[in-house]
Structure formats: structure tokens, C-alpha cells
Amino acid sequence: MKKAGGGLKPLVYVTRKLPEEIISRLKENYEVDMWPEEEVQVPREVLVEKVKKADALLTVITDQLDEELFSAANHLKVVANMAVGYDNIDLDAASRRGVAVCNTPDVLTDTTADLTFALLLATARRMIEAAEFVKNGEWKSWSPLLLAGTDVHHKTIGIVGMGKIGTVVAKRAAGFDMEIIYHNRRRHEVAEEMLGARYCEMDELLAEADFVVCLAPLTEETKGMFGADQFRKMKKEAIFINASRGPVVDEAALYDALQSGEIAAAGLDVFELEPIGADHPLLPLPNVVALPHIGSATKETRLAMMDTCCDNLDTIFADRAPQTLVNKDFLNWRKQEWSTGSLGIAED
Ligand code: GLV
């Protein structure tokens with residue numbers, strides 16, 4: 001695999017320490033430079049320096065790839081973002097410079113749906129609180145209403161954002177005999193036919209659902225879409241689950257809704273500003289289950305996501321269209337140059 005100018009291998013800058021097996025794979029075709037820390041984000045000034053020389057970036061969701069960053073790039077051809085979401089990337093800025101942006105859908109769908117449903121169960125059945133109760137030596141006797149939660153089976157789940165992950169959450173909900181309602185930009189005929197899911201306007205969903213599950217991607221339209229009005233429209237017994245992106249929710253409004261009993265509980269895998277500290281206002285609330293953005297975090301899935309990133313780099317440098325390209329404009333820009341082939345333009 002050669003650089004456009006011939007000679008040296010393309011240079012990939014990897015913004016987070018990845019396992020040796022992935023780096024070995026990359027080294028077969030690329031020069032690899034990598035930020036050496038696993039749990040600490042690459043500082044902005046380092047990334048700005050690195051992008052000047054890079055032909056490719058392998059990024060994670062904490063990297064902000066904005067106009068300023070793309071304008072510092074001199075030969076960048078592709079960004080392979082190790083996530084399904086790509087709200088950390090200015091797609092217009094990338095497309096204007098002919099940079100392909102790829103994500104990692106599909107390989108994480110089941111895993112993220114598992115976590116979303118686990119969070120729903122954990123919140124409804126107060127599992128984290130109960131586990132802490134045992135560990136703290138507070139368990140004195142079986143008692144009739146000790147840590148009594150709320151049923152999940154035969155309740156109504158309202159899924160906001162019926163993409164691939166939403167559909168697989170619905171499949172899990174069907175196994176729990178739940179009634180499935182959803183709201184989405186477009187109707188999802190397959191989910192309707194296969195799972196009996198019913199499309200609802202947003203207000204109807206909020207009024208009917210026992211579990212409101214947010215899986216909508218973060219966009220200009222979805223930012224802050226769960227605010228005081230939406231929480232007020234939910235049932236008092238409703239449990240709110242967010243496994244998409246934190247800024248889709250107005251956290252101050254969620255706090256008020258939980259405090260005042262407007263809704264019963266919340267299970268959150270994502271937050272407005274991540275990471276949150278132990279002093280985050282939502283954490284002392286007993287009816288909040290908080291996780292550190294681990295939707296796709298299984299070893300198998302994270303490795304599959306890294307492999308998808310490598311596949312995307314390989315297709316770009318082999319002058320083929322990547323399977324999971326997100327900035328469709330890039331294709332128009334390169335229309336003449338790409339060989340035709342099947343394109344898997346991802347939606348979630
Ligand atoms: C994680 O949040 C992802 O978008 O994959």
C-alpha cells in the first residue's frame with residue numbers, strides 16, 4: 001500500500017493506545033504513530049501537530065475533529081472513527097477537503113442493545129443499589145418489600161431512535177412480552193411487521209411508555225430533545241434510559257424531574273459532558289443508575305470495531321469505496337475516481 005506520491009507507506013496516527021494485534025495489522029500496510037495512553041485523551045495541541053503529517057487518523061469519540069483540525073491537515077485522506085456515532089466530527093469540513101470519514105456500525109449493534117436492555121433491567125429492578133446493599137453488609141433479613149423494583153415484562157417500551165440498535169433493543173423487548181412503540185424520523189416497516197412495533201408521535205410515546213429509551217444520534221435536531229416538557233409528559237412511573245449521547249438530554253431538567261417525582265428513575269450510560277466526576281449532581285439520587293459510556297464495551301466488539309477501522313483504511317488506500325462511509329459528499333467529490341461497488345452507507 002503506497003502513499004499517493006509513491007514510495008513510503010501512508011502514515012496513520014492512532015489517537016489512543018490500541019492492542020498489539022491491531023497495531024501489528026496496521027504495520028503491515030502503514031507507518032504507525034500512536035498516542036501511548038489508553039485512558040488519557042491525546043491533548044489537542046498534540047493532535048493538531050500530528051494531523052499535519054498524517055495520511056490517515058484512527059480516532060475515538062473524545063477527539064474533536066473540527067474545522068481547525070482539518071485545516072491543519074496537509075495530506076489527510078481518511079478518518080476512521082472507532083464508534084458508530086460521529087458527532088465529534090465536522091463532516092462538512094472533512095468533505096470539503098476530500099477526506100473520507102468512516103464509522104463502525106453493525107459490529108456493535110447487538111452488544112450495545114444488550115447493554116441498553118441490561119441498563120433498563122438494572123434500573124427497573126434496582127440491581128446496582130441491591131448489589132451495594134449486600135456488599136455494605138446491610139442485608140439483615142428477607143423482607144416483603146425489600147428493594148422492590150418495578151416489572152419489565154408486559155410493560156410498554158417507547159424507543160426514540162429506531163435505527164439498527166433500536167430495532168435490536170425492540171427484539172429483546174419482544175422476548176420480555178413488552179408492547180413496543182417507537183418514534184423515528186422514518187417509519188420502520190420491518191420492526192412493525194416482525195416485532196409488532198407501533199409508530200407514535202413523540203407526545204403519544206411519552207404519555208404511553210413505561211420505559212422511554214433514547215437511542216437517537218446527536219444532531220442539531222436532537223440536541224436537548226429531552227427537556228422539562230418531555231419529562232412532564234411522561235408517566236410518573238416512567239423510567240428513562242439514555243444509551244445514545246448525553247447532550248440529547250437537558251440534565252438539569254432530568255434532575256428536576258427525578259427529584260420532584262415527575263418520573264420514577266433514570267438509567268444513563270452517557271452524559272452531557274464526559275467523563276463525569278463523583279460530584280455530578282445526578283449521582284446522589286437513589287433512582288439513578290449511571291454507567292461510564294460502555295454501550296459497546298465487550299472485548300469481542302471493541303476488537304471488531306478496531307478491525308472495521310483497519311478495513312476502512314485499507315479500502316481507502318486501495319482506492320476503493322469503504323463499507324461504512326458516513327460523509328456521502330465525499331463520494332460525489334471523488335465520483336470519477338472511485339471504482340463502483342456496493343456501498344454500505346451507515347445510518348446508525
Ligand atoms: C459509542 O458511543 C459509539 O458511538 O459507538
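The values are calculated or read from the model by the stated rules, or taken from the named source; none is laboratory data. Fair warning: this is a prediction, and the values are worked out from it, not measured in the lab. Neighbour counts run over all protein chains shown; Cβ positions are idealised from the backbone, glycine included. In case anyone asks, the SASA skips ligands and DNA or RNA and just uses the protein heavy atoms, side chains included. Shrake-Rupley method; radii C 1.70, N 1.55, O 1.52, S 1.80 Å.
Taking the condition surrounded by 13 or more Cβ atoms within 10 Å (Cβ to Cβ), within 23 Å of the chain's Cα centre (by Cα) and within 15 Å of Leu313 (Cβ to Cβ), does Val14 pass?
So Val14 fits the description; yes.
Report the residue count in segment 280-301 for those that are within 12 Å of the ligand (Cβ to nearest atom) and surrounded by fewer than 18 Cβ atoms within 10 Å (Cβ to Cβ).
3
So which of Glu189, Glu179, Glu138 is open to solvent by 50 Å² or more (accessible area, probe 1.4 Å), in contact with a Ser or Thr (Cβ under 7 Å, 6 or more places away or on another chain) and more than 29 Å from Glu300 (Cα to Cα)?
Glu179
Of all residues in segment 257-279 being over 16 Å from the mean Cα position of the chain (by Cα) and surrounded by fewer than 18 Cβ atoms within 10 Å (Cβ to Cβ), which is nearest to the ligand (Cβ to nearest atom)?
Gly277
Look through segment 28-87, keep the residues that are polar (S, T, N, Q) and outside any helix (DSSP H, G or I), and return whichever of them is farthest from the ligand (Cβ to nearest atom).
Checked segment 28-87; the qualifying residue farthest from the ligand (Cβ to nearest atom) is Asn74.
If the requirement is being touching a helix residue (DSSP H, G or I) at 6+ places or on another chain (Cβ under 7 Å) and either in the same structural domain as Arg126 (by TED's automatic domain parsing) or modelled with pLDDT under 95 (or both), which of these qualifies: Ala257, Ala252, Ala209, Ala238?
One residue alone meets the criteria, Ala257.
Only one of (1) in contact with a strand residue (DSSP E or B) (Cβ under 9 Å, 6 or more places away or on another chain); (2) open to solvent by 40 Å² or more (accessible area, probe 1.4 Å) fails for Pro217. Which number is that?
(1)
Which of the following residues is open to solvent by less than 40 Å² (accessible area, probe 1.4 Å) and under 30 Å from Ala252 (Cα atoms): Ile157, Ile128?
After ruling out the rest, the residue left standing is Ile157.
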